[in-house]
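Asks: My structure is below; once you've seen it, I'll send some questions.
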Amino acid sequence: MKVAVVGAGPAGIRAVEVLVAAGLRPVWIDEAAEGGGRIYQRPPAPLKRDAKALYGFEAGRATSLHAAFDALRPQVDWRPETLVWHIRPGAKQLHTQSGPRRDQVEYDAAILCTGAMDRVVPLPGWTLPGVTTLGGAQIALKAQGCGIGRRVVFAGTGPLLWLVAYQYAKAGAEVAAVLDTTPFATKLAASPGMLRDAATFAKGIYYIGWLRAHGVRIAEGVTPIGIEGEAGVSGIAWRDPGGREQRVDCDAVGMGWGLKPEAQLADLAGIPFRHDPLQWNWVPERDVAGRTAIAGHYLAGDGAGIGGAAVAELAGARAALAVLEDAGRMVDAAQLSRLDAALARQQGFRAALDRAFPFPRALAAGVADETILCRCEGLRAGELRAALAADHAPGPASELNRAKAFSRAGMGRCQGRVCGTAAAEIMAAALGSTPEAIGRLRGQPPVKPIPLVAEPVA
Amino acid sequence: MKADVLVLGGGGAGCSAALHLAQRGARVVLLERGLVGGQASGVNYGGVRQQGRHPAELPIARRSREIWGRMKALVGTDAEFTVTGHLKLARNEAEEADLVAYLDTAKEYRLPLRFIGRNSIHREYPWLGPAVVAGSFAPEDGAANPRLLAPALARAAREAGAVLLENTKVVSQTRDVDGFLLVSEAGDEFRAPVLLNMAGFWGGAVAEAFGEPVPVSPLSPNMMVTEPVPYFIEPNLGVVGGNVYLRQIPRGNIIVGGGDGESDPATPWSRPLAEVSIEAMGHAVRLVPSLAGVQVIRSWTGIDGEMPDRIPVIGPSGTTPGLFHAFGFSGHGFQLGPAIGAIMTELVLDGRADVPLEAFAISRFAGPGDGGGAKA
Ligand SMILES: Cc1cc2nc3c(=O)[nH]c(=O)nc-3n(C[C@H](O)[C@H](O)[C@H](O)COP(=O)(O)OP(=O)(O)OC[C@H]3O[C@@H](n4cnc5c(N)ncnc54)[C@H](O)[C@@H]3O)c2cc1C
Ligand SMILES: Cc1cc2nc3c(=O)[nH]c(=O)nc-3n(C[C@H](O)[C@H](O)[C@H](O)COP(=O)(O)OP(=O)(O)OC[C@H]3O[C@@H](n4cnc5c(N)ncnc54)[C@H](O)[C@@H]3O)c2cc1C
């Protein structure tokens, strides 16, 4: 049986581990040069630092996953620095690009473990150099060993906000402020649920406490006004819960409001999506084991709905077992029920986490007309709103793909990954509708840009 | 709901028909399964090209070009129609002979064309690759934004009094003594003495429902677009044989077509194919070598209806009085759409059109003797 696994993060590593243990030699593909995925991304060799400094509380997990990856690599067909840019589910083919090289991979079963990306709300000034996503800020620190600025503000909401701020402060950077759009009371209300994973909850509390104890300015329940600066970032302004305007000097901003699945391949594979009311994301549909409506196609990890790294490990192993079960192989029943029970336990915690850090819908819906919404196309929020108006020349757009067709929102390099969430909120507010009814931008190949070449190297 | 004319299908052709009919005072109801321009008319390459067309199509293409020229006045937007010229290229002697032969056809239909020989082609277009040996330039041709045309025609049609219903799939079409009866999926009924079948690929099923099946097959041209790069390719480029075509828009993106993707018209569903995209990339870079390394950011395809002789079905039904067809544009009906609406209006209201339509008669597919069956 030929199995292809896309992604070598926690989900992909645990999936491949199960497949190899069953005597299979899967094709394993990742865009990155090394295994580890987002959270356990490894620095390039010249920048080796010890795991404790890089991964903090997760050092044990990181070391264990990296060791698992290193042990698996010689036993599989490992293809690093390789993008899967198209999938043809009927013929069961993946199309890959690696440098100038183009290949086609045939499979009987594919496990897509493609992870997540930051969810962004456009703010005035967010396209200035010096502004990155929280994930981008973290990668700069982990993989390149340098921060995004000398005096950094972190803005947004979610566990990653506090974690990245902590990691920066711990690494010696000056954190000028942490601005959380979620009020303290919302988090407090969700905390009983979060106690279902007491250890993870405790880590979150620890980061916040550590930042406070070290005198980092913290504001919760804020409404960001904008990032200031001409050629670069010079400060950030916000409104506090009392409505007063505040500002602070800084030379870089890391921002993000939770994560969204990187689910383009799942979309191209024809897997149906649903709008998850808790995560407030479009997620590909799958069962607890990662099976989908498209036979032979399985999903695991954050790409199948945000669950975090621990869930990704469990889900990766579970999906690989589903592949084996569906191929009629014997699987260890005890291992199955252990995984299912552990996955079920995590659900309550995730739901509480999503309640604790809700997506700021009003902030996204209210992006000012003159603020850039789609940075690939240089499109301002007002231009999207104009395409919804009754007097718009080719007619008013009523759903997201039509708004894209009329206004170019989401038509650039990133195919709306970045602006899609905010665009849907803007439309829903303007049309008195819901993001669910407004829809989602259709995935189109290539998943990421690929170069025009005269003669492909194969 | 009752009307003078029912239009089945809201592509560019159907929306133009609704507009022209309403402008002349007819009560029109157009029914569209999805959104207007949601199928072929909204996703095509955007070529507004007369050069290279089948001679029978040229009178319609000439007429349509005239409407394209006043699109802004007609519908409130020019749909980004730009007269860039269309440059058709030859890459060997046989292809060059093809270009030369077409000059006579063009002259006959008063289509301005300028032949560019070996000596001048690289001087005039220094970015063309050495594979190119000659070209033929059509100065009146150009390109437009397909995403805007059908919705803009639809909007103008509504303003002129037509009723256009989107998300309305017709599931049954019949004719009795009271005229045509169309029934939507939701169970709504629509009646009129005249029916225009402008349902694109799906027009074949409508014709079949009235006892005149035709051999129409789905055609899904494979399309890609690159990231923006500095503007340097002004004309819309094609080649003899058509295995690649490309154009650049002033904001910098380059749209590249070539080969066919896959589709399932029943869903409807369509997708580009990786190996076809890769092959078209190769042809594109050989045509314009400096495109090497430019990033492709998106690809797509759509569904048009293709007839075996690659020209559409246009004209009255052979079986059913009051039924008129215009479908199966075989991959080149975007340019024609505006004129098709005007011509159908004349057929319905005047009983004749000012362009010859014999070549497009549905009867060309009728089996000998049975008056209805498709040719095997
Ligand atoms: C930027 C960022 C930073 C994060 N930091 C933390 C953190 O510090 N702590 C924490 O608890 N959680 C963090 N998270 C969440 C955490 O990463 C995830 O919960 C966890 O990594 C999910 O594991 P995964 O295996 O599902 O995906 P990932 O770890 O994201 O792995 C997905 C892998 O798939 C590859 N891939 C995706 N698409 C393709 C394709 N088309 N072709 C080839 N390869 C592809 C990617 O290169 C990547 O290596 C972060 C998330 C992001 C996006
Ligand atoms: C990828 C691609 C590239 C192309 N490039 C060019 C080009 O560069 N230049 C050019 O001139 N032409 C081009 N074409 C061809 C051109 O797009 C088509 O010929 C033209 O748009 C056909 O218009 P239409 O109105 O006949 O069909 P369509 O646009 O397909 O409209 C027919 C409509 O009928 C509706 N319909 C069908 N059945 C039903 C039903 N039962 N009930 C209700 N509604 C129904 C459909 O939903 C559809 O919207 C291209 C086509 C494609 C697919």
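Asks: Which residues in segment B:261-294 have a backbone N closer than 20 Å to a point placed 7 Å from the Cα of B:F232 along the Cα-to-Cβ line?
Replies: Within reach of a label on B:F232: B:281-294.
Asks: How much length is gained if the chain between A:C146 and A:A342 is pulled fully straight, taking 0.36 nm per residue apart and subtracting their Cα-Cα distance, in nm to one decimal?
Replies: Length gained between A:C146 and A:A342: 66.9 nm.
Asks: For segment A:151-308, list log₁₀ I(q)/I(0) at each q in 0.08, 0.11, 0.18, 0.20 Å⁻¹, using the Debye formula over Cα point scatterers of equal strength and ignoring solvent, two decimals each.
Replies: -0.31, -0.57, -1.09, -1.20
Asks: Still on this model: Would you compute the Debye intensity of segment A:229-313 from its alpha-carbon atoms alone, equal scatterers and no solvent, and pass along log10 I(q)/I(0) at q = 0.23, 0.24 Å⁻¹ to two decimals?
Replies: -1.06, -1.13
Asks: What FRET efficiency comes out for the pair B:A186/A:R413, r = Cβ-Cβ distance, R0 = 51 Å, nearest 0.05?
Replies: Calculated value: 0.80.
Asks: Further, regarding this structure: Put one equal scatterer on each alpha carbon of chain A, apply the Debye formula with no solvent term, and list log10 I(q)/I(0) at q = 0.06, 0.07 1/Å to two decimals.
Replies: Relative scattering, expressed as log10 I(q)/I(0), comes to -0.26, -0.35.
Asks: If the limit is 20 Å between Cα atoms, which of A:K404/B:K88; A:K52/A:K203; A:K404/A:K448; A:K404/B:K72; B:K2/B:K169 go over it?
Replies: Over 20 Å Cα-Cα: A:K404/B:K88; A:K404/B:K72.
Asks: Provide A:D197, B:D78 ordered by accessible surface of protein heavy atoms (probe 1.4 Å), highest first.
Replies: B:D78, A:D197
Asks: Lone cysteines in chain A, going by a 4.7 Å Cβ-Cβ cut-off?
Replies: Unpaired cysteines in chain A: A:C113, A:C146, A:C250, A:C376, A:C414.
Asks: Strictly greater than 16 Å: what percent of every Cα pair in segment B:137-177 meets that?
Replies: Percentage above 16 Å: 64.
Asks: List the relative contact order of segment A:120-257 as a percent without decimals, with contacts defined as Cα pairs under 8 Å and 6+ residues apart.
Replies: For segment A:120-257, the relative contact order is 37 percent.
Asks: Under the √(5λ) rule applied to the eigenvalues of the Cα gyration tensor, what semi-axes describe the equivalent ellipsoid of segment B:269-376? Give them in Å, descending.
Replies: Those come to 38, 18, 12 Å.
Asks: Here is a further query. Got a sec to turn the phi values of segment A:141-150 into Karplus ³J(HN,Hα) couplings, 6.51 cos²θ - 1.76 cosθ + 1.60 with θ = phi - 60°, whole Hz, x for Gly and Pro?
Replies: 3J(HN,Hα) across segment A:141-150, in whole Hz: 6, 6, 8, 9, x, 9, x, 8, x, 8.
Asks: Roughly how large, in nm² to one decimal, is the mean projection of the convex hull of the alpha-carbon atoms in the protein assembly as shown?
Replies: Its Cα hull, projected and averaged over all orientations, spans 38.3 nm².
Asks: Go through B:F201, A:V5, A:T371 and say which Cα lies farthest out towards the positive end of the charge dipole of the protein assembly as shown; charges sit on Cβ, +1 for Lys and Arg, -1 for Asp and Glu.
Replies: A:T371
Asks: How high is the relative contact order of segment A:95-164, in percent, counting Cα pairs under 8 Å that sit 6 or more residues apart?
Replies: 19
Asks: At a Förster distance of 51 Å, what's the computed FRET efficiency of A:A430 paired with B:T174, Cβ-Cβ distance as r, to 0.05?
Replies: 0.75
Asks: Let me ask you something else. Any idea of B:V36's accessible area? Nearest 10 Å², probe 1.4 Å.
Replies: B:V36 has an accessible surface of roughly 10 Å² with all protein chains in place.
Asks: Place a point 7 Å from Cα of B:A361 in the direction of its Cβ. Which residues in segment B:290-323 have their backbone N less than 13 Å from it?
Replies: B:314-319
Asks: Moving to a separate point now. Mind checking the mean number of beta-carbon atoms from other chains within 10 Å of the Cβ atoms in B:274-281?
Replies: 6
Asks: Next question, about the same structure. If one computes P(r) from the Cα atoms of segment A:362-438, what percent of pairs lie at distances over 20 Å?
Replies: Considering segment A:362-438, 17 percent of its Cα-Cα pairs are separated by more than 20 Å.
Asks: What does the average come to when, for each residue of peptide B:287-296, you count the partner chain Cβ atoms lying within 10 Å of its Cβ?
Replies: If you average over the peptide's residues, the count of other-chain Cβ atoms is 3.
Asks: Something else: Given the C-alpha atoms of chain B, compute the convex hull and give its volume per residue in Å³.
Replies: Expressed per residue, the convex hull around the Cα atoms of chain B is 135 Å³.
Asks: I want to verify a result. In a Gaussian network model of chain B, Cα cutoff 10 Å, which of these has the top mean-square fluctuation: B:G34, B:G341, B:G328?
Replies: Result: B:G34 has the largest fluctuation of those listed.
Asks: I want to check the label-to-label distance for A:E81 and A:E325. Put each point 7 Å from Cα in the C-beta direction and report it in nm to one decimal.
Replies: Going from the A:E81 label point to the A:E325 one covers 3.9 nm.
Asks: Where does segment B:56-101 land on Rg/Rh, using Cα atoms and the Kirkwood Rh?
Replies: Radius of gyration relative to Kirkwood radius: 1.17.
Asks: Here's another thing I want to ask about it. Can you tell me the FRET efficiency between B:D4 and B:E108 if r is taken as the Cβ-Cβ distance and R0 is 41 Å, rounded to the nearest 0.05?
Replies: Efficiency computed from Cβ-Cβ geometry: 0.65.
Asks: I've got another one for you. Report the label-to-label distance for B:Q295 and A:D369 in nanometres (one decimal), using points 7 Å from each Cα along the Cα→Cβ vector.
Replies: 3.2
Asks: Over all residues in A:97-104, what is the mean tally of Cβ atoms on other chains that come within 10 Å of each residue's Cβ?
Replies: Averaged over the peptide's residues, the number is 1.
Asks: May I ask you to list the residues of segment B:300-337 whose amide nitrogen lies under 19 Å from a point 7 Å from Cα along the Cα→beta-carbon direction of B:A266?
Replies: Only B:303-306 pass the distance filter.
Asks: How big is the C-alpha Rg of segment A:31-173 next to the rule-of-thumb value 2.2 N^0.38 Å, as a ratio?
Replies: Its radius of gyration relative to the 2.2 N^0.38 Å reference: 1.23.
Asks: Based on a Kirkwood Rh over C-alpha pairs, give the Stokes-Einstein translational diffusion coefficient of segment B:315-367 at 20 °C and viscosity 1.002 mPa s in µm²/s.
Replies: Here the translational diffusion coefficient equals 180 µm²/s.
Asks: Starting with the highest mean, order A:364-370, A:156-162 by the number of other Cβ atoms within 10 Å, averaged over the residues of each peptide.
Replies: Listed from highest to lowest mean packing, they are A:156-162, A:364-370.
Asks: Have a look at A:Q444, A:Q415, A:W162 and report the one farthest towards the positive end of the charge dipole of the protein assembly as shown, computed about the Cα centre with Cβ charges (Lys/Arg +1, Asp/Glu -1).
Replies: The residue sitting farthest along the positive end of the dipole is A:W162.
Asks: Using θ = phi - 60° and the Karplus form 6.51 cos²θ - 1.76 cosθ + 1.60, what ³J(HN,Hα) does each residue of segment A:356-362 get, whole Hz, x for Gly and Pro?
Replies: 5, 10, x, 5, x, 4, 5
Asks: Moving on to the next point. Along segment B:66-80, what does the Karplus equation 6.51 cos²θ - 1.76 cosθ + 1.60 (θ = phi - 60°) give for ³J(HN,Hα), rounded to whole Hz, x for Gly and Pro?
Replies: Whole-Hz 3J(HN,Hα) from phi for segment B:66-80: 5, 5, 3, x, 10, 4, 4, 5, 6, 10, x, 8, 8, 6, 6.
Asks: Moving on. So who's got an amide H within less than 5 Å of the one on B:V48, skipping anything under 5 residues away but keeping other chains? H placed 1.01 Å off N, in plane.
Replies: For B:V48, whose amide H was placed from the backbone, the distant partners under 5 Å are B:G142, B:A143, B:A144.
Asks: Over chain A, what is the mean sequence separation of C-alpha contacts under 8 Å (at least six apart), divided by residue count, expressed as relative contact order in percent?
Replies: This gives 18 percent for chain A.
Asks: Could you work out [θ]222 nm for chain B from helices alone, using -39500 (n - 2.57) per DSSP H run of at least four and dividing by all its residues? Round to the nearest 500 deg cm²/dmol.
Replies: Helix contribution divided over all residues of chain B: -8500 deg cm²/dmol.
Asks: Could I ask something else about it? In deg cm²/dmol, rounded to 500, what helix-only [θ] at 222 nm does chain A give when every DSSP H run of at least 4 residues adds -39500 (n - 2.57) and the total is split over its residues?
Replies: The helix-only estimate for chain A comes to -10500 deg cm²/dmol at 222 nm.
The values are calculated or read from the model by the stated rules, or taken from the named source; none is laboratory data. No experiment lies behind these values; they were computed from the predicted model shown. Cβ: placed from backbone, ideal geometry, glycine included. Neighbour counts: every protein chain shown. Accessible surface is based on the protein model in full, side chains and every heavy atom, while ligands, DNA and RNA are left aside. Shrake-Rupley method; radii C 1.70, N 1.55, O 1.52, S 1.80 Å.
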